[in-house]
Amino acid sequence: MTWRARIGGRSLASSMASVVLSEAEKVYILHGVQDDLRTDGRGCEDYRGVEVETDVVSNTTGSARVKIGHTDVLVGVKAEMGTPKLERPTEGYLEFFVDCSANATPEFEGRGGEELGTEIAHMLYKIFDNKSSVALESLCILPSEHCWVLYVDVLLLECGGNLFDTISIGVKAALFNTRIPKVRVLEDDEGAKDLELSDDPYDCMRLNVEHVPCIVTLSRIGHRHVVDATLQEEACSLASLLIAVTSKGTLTCMRKIGKGSLDPESIFEMIETGKRVAKFLHVSLQNVLNQEESLGKKRQKIGFLR
Amino acid sequence: MAGLELLSDQGYRVDGRKSGELRKIQARMGVFAQADGSAYMEQGNTKALAVVYGPHEIRGSRAKTLHDRAVVNCQYSMATFSTGERKRRPHGDRTSTEMTMHLKQTFEAAILTQLYPRCQIDIYVQILQADGGNYCTCVNAATLAVIDAGIPMRDYVCASSAGFIEDTPLADLSYVEEASGGPQLALALLPKSDQIALLEMNSRLHEDHLDRVIDAASKACKDVYAVLDQVVRDHLQEVTALIGDRGSA
Amino acid sequence: MRETPLSSCERAFLLQAITDKKRVDGRQTYDYRNIKITFGTEYGCCIVELGKTRVLGQVSCELVAPKMNRPTEGILFFNLELSSMASPAFETGRPSELLVKLNRLLERCLRNSKCIDTESLCVQAGEKVWQIRVDLHLLNHEGNIMDAASIAAVAALCHFRRPDVSVQGEEVTVYSPEERDPVPLSMHHMPICVSFAFFQQGTFLLVDPSEREERVMDGLLVIAMNKHREICTIQSSGGIMLLKEQVLRCSKVAGVKVAEITELIQKALENDRKIRKEGGKFGFAESLPDQKITALKIEKNVVDTSNVKDKAEKIISESQPPSDVVTKPVVRAVGTAQIGEGIENTWGELEEEEDEEEEDEDDDDADIVSTSIESDKVTEKPAKKTSADIVISDSEEEDVVILQPEPQAKASSSQAPEEDQDKSPVRKTPHSKKKKKRSSH
């Protein structure tokens with residue numbers, strides 16, 4: 001298997017919402033993980049129940065809401081016309097913005113959530129910074145003049161551990177849901193080009209999200225690692241590994257976070273686990289998205305009302 | 001946009017409502033488990049999420065402590081994808097700061113702050129989709145969230161906007177009606193005592209019509225109050241049923 | 001720098017006065033302070049003085065490209081600044097809440113009400129339009145910044161003249177003031193803000209609150225109207241609860257006030273226009289009053305001292321001799337003593353004092369009591385005390401004298417009071433004691 005990886009050793013911003021645990025609680029969690037039994041009954045490689053819903057906000061080009069346990073994230077994609085970057089004249093591009101709202105915790109009020117937000121946005125830029133994640137050529141309208149810029153805005157509503165996974169699932173679902181209107185280029189006699197957006201809401205272009213990677217966070221607790229850690233488990237783990245895996249098992253980005261250190265052997269183990277879990281995750285996510293799509297108009301939009 | 005008729009001859013507005021009708025309201029309390037109180041509210045296409053933390057100890061500078069009352073701290077922010085054109089900053093610009101101050105003023109009047117001296121109550125409101133009546137939806141959502149958090153208030157705070165077109169007052173304006181430039185009034189009311197917690201008006205309106213517009217807004221607020229009250233009671237029934245089952249088992 | 005906090009007694013005084021329908025500066029409930037509008041030498045510059053609150057307004061214009069979604073409209077920009085000159089509480093740097101509130105209110109009042117015809121500011125659609133910028137600076141803060149700022153903005157906009165412009169095909173020529181007369185802005189109407197301050201949970205309201213009144217108010221209602229009785233903006237702030245009737249009443253009052261103020265502005269503009277036409281002197285320098293005393297020295301005046309001696313002798317003969325001045329200290333409780341009269345003693349005057357009389361020294365009692373105002377029980381007996389018992393303790397510190405309170409004195413010996421000795425209970429009329437004027441000082 002080919003994999004391109006980048007190993008970084010920065011620790012995550014300390015402004016992450018955290019919970020204070022006593023030593024006894026930490027030991028309890030540790031012992032449980034040793035025996036492959038976590039506090040809520042899951043195994044080490046099990047995710048909590050993931051809820052995904054797309055098209056939640058109607059005046060965006062695409063949107064999705066993902067809820068894993070107590071972590072709640074809303075992603076909106078807005079497509080706007082802009083000029084392509086100088087070094088890539090035949091491609092459009094994506095811009096990420098993460099807003100950690102004060103809803104999640106009062107510490108994020110005002111500018112408190114900016115640090116964490118930029119950290120997550122940085123990570124998102126990295127995992128999408130390769131040729132195959134999103135077909136950027138399809139976003140081009142006129143080379144060197146016009147292209148689509150996709151502004152992906154992530155709104156963090158509730159923080160219950162495992163932010164990166166949730167956000168990456170949300171981004172993939174929102175990109176899947178994006179419906180970019182088709183553009184026709186009309187040429188005048190003088191050579192002046194005019195862009196015409198089609199008015200038909202169904203005449204739109206969809207993005208191929210097959211190669212969009214998802215992040216899997218593996219937190220090391222004691223001698224074992226767990227997938228999808230809750231806030232309490234994150235407080236027990238000293239080091240975590242974030243890997244971005246596509247549905248085919250290709251690694252696009254890898255990063256280690258946390259104050260502790262990781263043994264190279266365990267890193268390999270964690271990567272294997274991560275790839276296994278990610279494959280499964282991608283398959284189920286794609287199933288759900290296809291199912292939602294097939295319901296079409298009949299689907300009842302629930303959003304937050306349930 | 002010149003040809004857009006905000007009020008047709010038969011008395012129907014752009015979205016088919018009559019002049020005194022409100023948009024469809026859907027609300028839900030207790031959306032987030034980690035916050036002390038939370039509520040989600042949809043008024044037509046405007047969606048707002050309100051979260052309340054508190055009462056808790058004053059965070060940050062102790063200088064803000066009031067010896068006999070609680071401090072009400074609000075923040076109003078709009079998601080960057082909420083408006084038609086993408087917003088650069090979710091909060092911190094002048095309009096958001098102004099809205100924050102209005103929210104704070106409204107809730108300081110309604111919450112019984114004397115019961116929690118030296119404490120702080122945080123109210124955070126997030127607009128997920130903006131389609132007119134942002135402030136009013138925020139206030140309504142925040143009322144539900146404060147009730148969900150169990151903080152005592154004098155009365156529900158219900159807010160509604162009103163406009164005036166062709167000699168008819170309109171209740172609950174949508175974005176299209178707001179952008180047309182006619183007079184708009186936003187009113188936050190305590191329904192039982194008819195007391196106005198906040199009154200804000202923009203654009204020109206002749207003094208003689210002020211009475212009717214305020215009346216239309218008050219009536220709309222009372223209608224909103226009926227809906228909110230029903231939501232609270234339903235939620236309470238649901239919650240007691242769940243607890244009751246466990247208790248009897 | 002933090003603002004000096006308002007003391008409780010001043011606050012109580014102001015609120016009590018308002019309840020009695022009196023204002024500290026003598027105005028009535030609906031009275032405005034004196035408004036003075038002066039224009040500078042340049043067009044578009046004016047200073048407005050509302051009582052002592054002073055705002056300077058300056059209008060300037062520039063040719064810029066229009067906004068994308070409004071290619072045929074000019075751009076208006078308002079900015080109010082609270083300079084540190086106005087009050088030590090204003091600091092430069094982060095905009096305070098007050099500043100944001102005032103700016104937003106100003107924007108809504110002037111921009112959303114479309115008082116200026118923005119279409120007329122368009123020079124070339126989509127290419128060049130005029131950007132009008134109104135800068136307001138608060139020079140002195142004596143209350144009611146909003147009203148003064150709105151008057152200044154409106155007056156400055158009415159006074160302003162922009163350069164004349166002509167368009168030929170693609171070419172745009174801007175004429176300087178020498179070539180062609182500058183053109184005034186076309187204003188639809190003049191919105192003026194009127195502020196109402198509410199006190200005692202909305203029972204009392206005042207128009208044009210001064211700075212002290214603003215500090216004790218519960219809330220503020222600002223109504224912006226023009227002289228055609230159209231309401232441009234309403235904004236309620238502070239934690240007050242209003243009733244619909246109050247709002248309607250306020251709007252009626254506002255209508256009257258706005259008409260007066262608009263007339264004032266028109267007159268000032270008219271005056272300025274006349275003076276400029278006649279070639280007289282105009283500008284700020286001219287508006288400073290001439291006859292004001294700016295020095296403390298005055299000329300010597302002749303004083304008539306011819307009958308001073310007679311007057312003095314008359315006064316002396318009519319007055320009575322002062323009574324004996326006794327300088328023994330009055331002991332209230334263990335370790336405290338009082339010499340002279342004055343404020344009520346707050347040391348050691350605890351429960352055991354209930355029976356003790358308040359004994360005072362007073363001189364000049366007889367002739368001064370007649371002038372005292374309090375008529376209730378001013379039978380303040382100038383009871384005189386016997387000398388305090390001086391107990392010398394056994395300690396080494398010989399100089400320490402511990403004053404013990406007197407046992408209940410039946411009859412005071414020294415001074416024979418003219419009035420009856422009235423053993424009135426403690427601390428009932430401290431006011432009357434204060435009012436015994438010591439004219440002998």
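Values quoted throughout were computed directly from the atomic coordinates according to the rules given, and no laboratory measurement underlies them. Computed from a prediction, not measured in an experiment: that's the story for all the values here. Here the Cβ is made from the backbone with ideal geometry for all residues, glycine too, and neighbour counts use every protein chain on show.
Think of chain B as a dipole: +1 on every Lys or Arg Cβ, -1 on every Asp or Glu Cβ, centred on the Cα centre; then among B:P90, B:I214, B:G60, B:G60 lies furthest on the positive end. In sequence order, region C:109-118 has phi-based couplings of 5, 9, 8, 5, 7, 6, 6, 10, 7, 6 Hz under the Karplus curve 6.51 cos²θ - 1.76 cosθ + 1.60, θ = phi - 60°, and Gly or Pro positions carry x. Remark: mean inter-chain Cβ contacts per residue of B:30-38 equal 5, using a 10 Å Cβ-Cβ cutoff to other protein chain atoms.
If amide H atoms are built 1.01 Å from N in the plane of the peptide, which residues on other chains or at least 5 residues away come under 5 Å of the amide H of C:G238? Correct list: C:L220.
Extents of region A:237-284, taken as max minus min of Cα coordinates on every principal axis and listed largest first, are 33, 18, 17 Å. Compute a Gaussian network model of chain A, connecting alpha carbons closer than 10 Å, and tell me which residue from A:V50, A:V183, A:V227 fluctuates the most. Checking each option, the largest mean-square fluctuation is seen for A:V183. Helices meeting the span-like rule in chain A (full DSSP H runs, Cα extent of at least 18 Å along the helix axis, mean Kyte-Doolittle score of 1.0 or higher): A:163-177. Entry note, chain B: relative contact order of 20 percent, from Cα contacts under 8 Å with a spacing of 6+ residues.
Each Cα pair under 8 Å and six or more residues apart adds its separation to the average, and for region A:2-295 the resulting relative contact order is 22 percent. Taking B:A145, B:A63, B:A33 as the candidate residues, the one with maximal mean-square fluctuation in a Gaussian network model of chain B, Cα springs under 10 Å, is B:A63. Across region A:162-267, counting alpha-carbon atoms alone, Rg and Dmax equal 21.6, 72 Å. To check you understand DSSP bridge types, tell me what percent of the beta bridges within region B:54-131 (both residues inside) are antiparallel, rounded to 5. So the antiparallel bridges amount to about 20 percent of the total.
With neighbours defined as other Cβ atoms within 10 Å of a residue's Cβ, the residues C:M146, B:M78 order from fewest to most as C:M146, B:M78. Relative to its residue count, region A:2-295 spans a Cα convex hull of 140 Å³ per residue. Per residue of peptide B:81-90, the mean number of Cβ atoms on other chains within 10 Å of the residue Cβ is 6. As a rough footprinting exposure proxy, the listed residues A:T83, C:T336 were ranked by other beta carbons within 10 Å of their own, and the order from fewest upward is A:T83, C:T336.
Among the listed pairs A:K78/A:K298; B:K24/B:K47; C:K22/C:K227; A:K67/A:K172; A:K172/A:K275; A:K126/B:K87, those whose Cα-Cα separation exceeds 19 Å are A:K78/A:K298; C:K22/C:K227; A:K126/B:K87.
Using only the alpha-carbon atoms, how far is helix B:207-248 inclined from the longest principal axis of chain B? Give it as 0 to 90 degrees, nearest 10. Helix B:207-248 sits roughly 40 degrees off the main axis of chain B. Ranked from largest, the principal axis spans of the Cα set of region B:25-248 equal 58, 45, 37 Å.
Cys residues of chain B that find no other Cys beta carbon under 4.7 Å: B:C74, B:C119, B:C136, B:C138. Dividing the mean sequence gap of close Cα pairs (under 8 Å, 6+ apart) by how many residues region B:1-82 holds gives a relative contact order of 14 percent.
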